[in-house]
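The values are calculated or read from the model by the stated rules, or taken from the named source; none is laboratory data. Because the structure is a prediction, the values reported are computed rather than measured. Cβ placement follows ideal geometry from the backbone for every residue including glycine, while neighbour counts extend to all protein chains displayed. Calculation scope for accessible area: heavy atoms of the full protein, side chains included, ligands and nucleic acids excluded. Shrake-Rupley method; radii C 1.70, N 1.55, O 1.52, S 1.80 Å.
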Amino acid sequence: MGANFPLTEAVYYILLSLLKPMHGYGIMQNVEKLSGGRLHLAAGTLYGAISSMLEKGWIVSVDEAGDSRKKEYRITESGKKILQDEYARLCELAENGKRVLEDAQ
């Protein structure tokens, strides 16, 4: 797998959100929507994750003409690979759990 470790739930949802360019507040709203209201990202968590993902090259900052307060981010090809690998890992976990639980009945 590309990441060699599981992504945190927050990072997974942030990467999903950034399949379309989005600014920080939009990411926070989208993560809450995608998780059915279960996951609320604090600003510190969001920007810590963004900083880490920028360093790793999973996302990039998109230049916003004029308004530097509304910096947008988008996922990179490398980030998409990490996201796809994590999705495959989660599917495998769910399938294995389903199979074992059904066999145990």
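Within the range 10-52, the residues that satisfy the criterion of being in a helix (DSSP H, G or I), of a type in the set (Ser, Thr, Tyr) and either farther than 18 Å from LYS70 by Cβ or open to solvent by less than 40 Å² (accessible area, probe 1.4 Å) (or both) are TYR12, TYR13, SER17, THR45, SER52. Provide a single number: the residues in the range 18-41 that are over 21 Å from SER78 (Cα atoms) and either at pLDDT below 95 or of a type outside the set (A, V, I, L, M, F, W, C) (or both). The total comes to 11.
Among the residues of the range 65-80, are any touching a residue at least 40 places away in the same chain (Cβ under 8 Å) and among the β-branched types (Val, Ile, Thr)? Looking through the range 65-80, at least one residue is touching a residue at least 40 places away in the same chain (Cβ under 8 Å) and among the β-branched types (Val, Ile, Thr).
State whether the residues of the range 81-95 include one that is of a type in the set (Ser, Thr, Tyr), farther than 18 Å from LEU7 by Cβ, surrounded by fewer than 17 Cβ atoms within 10 Å (Cβ to Cβ) and out of contact with any Gly (no Cβ under 6 Å at 6 or more places or on another chain). No, the range 81-95 contains no residue that is of a type in the set (Ser, Thr, Tyr), farther than 18 Å from LEU7 by Cβ, surrounded by fewer than 17 Cβ atoms within 10 Å (Cβ to Cβ) and out of contact with any Gly (no Cβ under 6 Å at 6 or more places or on another chain).
Taken over the range 55-80, residues that are at pLDDT below 95, surrounded by 12 or more Cβ atoms within 10 Å (Cβ to Cβ) and not in a strand (DSSP E or B) amount to 2.
Taking the stated definitions as given, is SER52 modelled with pLDDT of 95 or more and among the polar types (S, T, N, Q)?
yes
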